[in-house]
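Shown next, in structure tokens, is the structure this report addresses.
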Amino acid sequence: MAAEVHPTATVHPGTVLGEGVRVLENAVVGKQPALSPRSTAKREPLPPAQIGDGAIVSTGAIVFAGSRIGARVILGDQSCVRERVTIGDDVVLGRGSLVENDTTIGALTKIQADAYITAYSTLEDNVFIAPCVVTTNDNFMGRTERRHERIAGPTIRRGARVGGGAILCPGVEIGEEAFVGAGAVVTKDVPAHVIVVGNPARVLRDVPDDELLDS
């Protein structure tokens, strides 16, 4: 089945659209980045964007060049995927969410509305990100040159869940099947299979066995 591109959408030359892809009203696929002179992002030429079979690029969504979107992915209305992002199969990216450059997102992950996934992040398979979650990658917030060698987004391991409005500080690791409560501020690594809450986040108890993926 051929890809379906709405007349108001823009698909840049070279973009690879898989079978059954739908690019909806006013979406843009294959956009080249325009970087600030002070940007820390890489500047080498980007390959074309690739959209996997059956994926949907919804109304007003943007996918930059150099990114690879898996099969059956849904990129919600007004969402944005920056350059050199890899998204696995069956991922859902909610309305208005932003995935910054050089990020990897595993299969079956769900990222809900208005979440912000910072550059240089890793999300493994079956991760759940609730609405308005914020991730960060720069402890120096743009000051000092040494920040360049230490910039790192969070690593969120398989099956971890992050509640609404939580904030993840630069470079933290959220362990496999961990649960970050709504509004928590995570300043250090979270062990696997625990629930953390509060500011700063602290361990509350273990995740119940019947909530684990393999239970």
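Rule-based calculations on the coordinates, nothing more; no lab input. Predicted model only: the values in this text are computed from it and were never measured. A quick note on method: Cβ atoms are made from the backbone with ideal geometry, for glycine too, and the neighbour counts reach across all protein chains shown.
Structure values in brief
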{"item": "Cα-Cα P(r), region 1-102, percent of pairs per 10 Å interval", "result": "18, 54, 24, 4, 0"}
{"item": "The chain: equivalent-ellipsoid semi-axes (sqrt of 5 x gyration tensor eigenvalues, Cα, Å)", "result": "30, 21, 13"}
{"item": "Qualifying trypsin sites (Lys or Arg not before Pro) in region 108-182, DSSP loop, other Cβ atoms within 10 Å at most 13", "result": "Arg143, Arg150"}
{"item": "Cross-link reach list, lysines versus Lys31, counting only Cα pairs under 18 Å and skipping chain neighbours closer than eight places", "result": "Lys42"}
{"item": "Those residues of region 16-35 whose amide nitrogen sits under 12 Å from the label point placed on Asp53, 7 Å along Cα→Cβ", "result": "18-21"}
{"item": "Extension reserve of the Glu44-Thr10 stretch, reckoned as 0.36 nm per residue once the Cα distance is removed", "result": "9.9 nm"}
{"item": "Simple label model, 7 Å out from Cα along Cβ direction - Lys188 to Glu145, nm", "result": "3.3 nm"}
{"item": "Range of Cα positions in region 150-193 per principal axis (Å), largest first", "result": "27, 20, 12"}
{"item": "Centroid-to-centroid separation of region 93-112 and region 1-46 [C-alpha atoms, Å]", "result": "16 Å"}
{"item": "Extension gain (nm, one decimal) between Asp214 and Leu35, 0.36 nm per residue minus Cα-Cα", "result": "60.1 nm"}
